[in-house]
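The values are calculated or read from the model by the stated rules, or taken from the named source; none is laboratory data. This structure is a prediction, so every number in the text was calculated from the model and none was measured. Cβ sites come from the backbone with ideal geometry, for glycine too, and all protein chains shown count toward neighbours. Just so you know, the surface numbers come from the protein's heavy atoms only, side chains and all, with ligands and any DNA or RNA stripped out. Shrake-Rupley method; radii C 1.70, N 1.55, O 1.52, S 1.80 Å.
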Amino acid sequence: MVTLWQKAGQFDPARSSLGTWLFRIARNRLIDHRRRLVPHFVAIEHAPELCDDVGLLDVTIDDGRRDTRVRKVLEDLPEDQRQVVVMAFYEGLSQSEIAARTGLPLGTVKSRMRLAFNRLRKAVSDRLLFEID
């Protein structure tokens, strides 16, 4: 509710209805909250104690493997692209916040993010074709 009060001056009835505007703010707050959540990693030797179901253990192990693969792919990105991806997904910053923190124009941050996603998408699809666990 505080956010709605603070952003009330930004509401423009010509752009959207009040309901749409309210739901958009709520959705964005939820996305921001989920980005800030730190993933909880469990050592493999402790995973059986935390999982009642063997299927959940498989999911935990698969998540660990995926995390390892993502980190490898991130290492292959150019430093400027890796920086914006890490700030967005590991630190939970918005593109505007990244621009403010780095001193880069917002358009540059958006371009680097897009280029990074294109490289990540290609790298992930290439690795999935050639890796067998």
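Conditions (1) on the phi > 0 side of the Ramachandran plot; (2) at pLDDT below 85, marked per residue:
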| residue | (1), (2) |
| --- | --- |
| ARG71 | no, yes |
| LEU74 | no, yes |
| GLU79 | no, no |
| GLU97 | no, no |
| GLY103 | yes, no |
| THR108 | no, no |
| SER111 | no, no |
| ARG121 | no, yes |
| PHE130 | no, yes |
Filter pass, THR20 being at pLDDT below 80 and of a type in the set (Ser, Thr, Tyr)
no
Subset tally (residues that are crowded, with 16+ Cβ neighbours inside 10 Å and in a loop (DSSP other than H, G, I, E, B)) for the stretch 95-128
1
Among the residues of the stretch 40-52, write down those that are open to solvent by less than 80 Å² (accessible area, probe 1.4 Å) and either modelled with pLDDT of 85 or more or in contact with a helix residue (DSSP H, G or I) (Cβ under 9 Å, 6 or more places away or on another chain) (or both).
VAL42, ALA47, PRO48, CYS51
Contacts under 7 angstrom Cβ, first residue in the stretch 1-25 being without any contact (Cβ under 8 Å) to a residue 40 or more places away in the chain and in a helix (DSSP H, G or I), partner among the hydroxyl-bearing types (Ser, Thr, Tyr) and open to solvent by less than 100 Å² (accessible area, probe 1.4 Å), 6 or more apart:
ILE25/THR3
Qualifying residues in the stretch 1-17 (those that are charged (D, E, K, R) and open to solvent by less than 100 Å² (accessible area, probe 1.4 Å)) - the one modelled with the highest pLDDT
ASP12
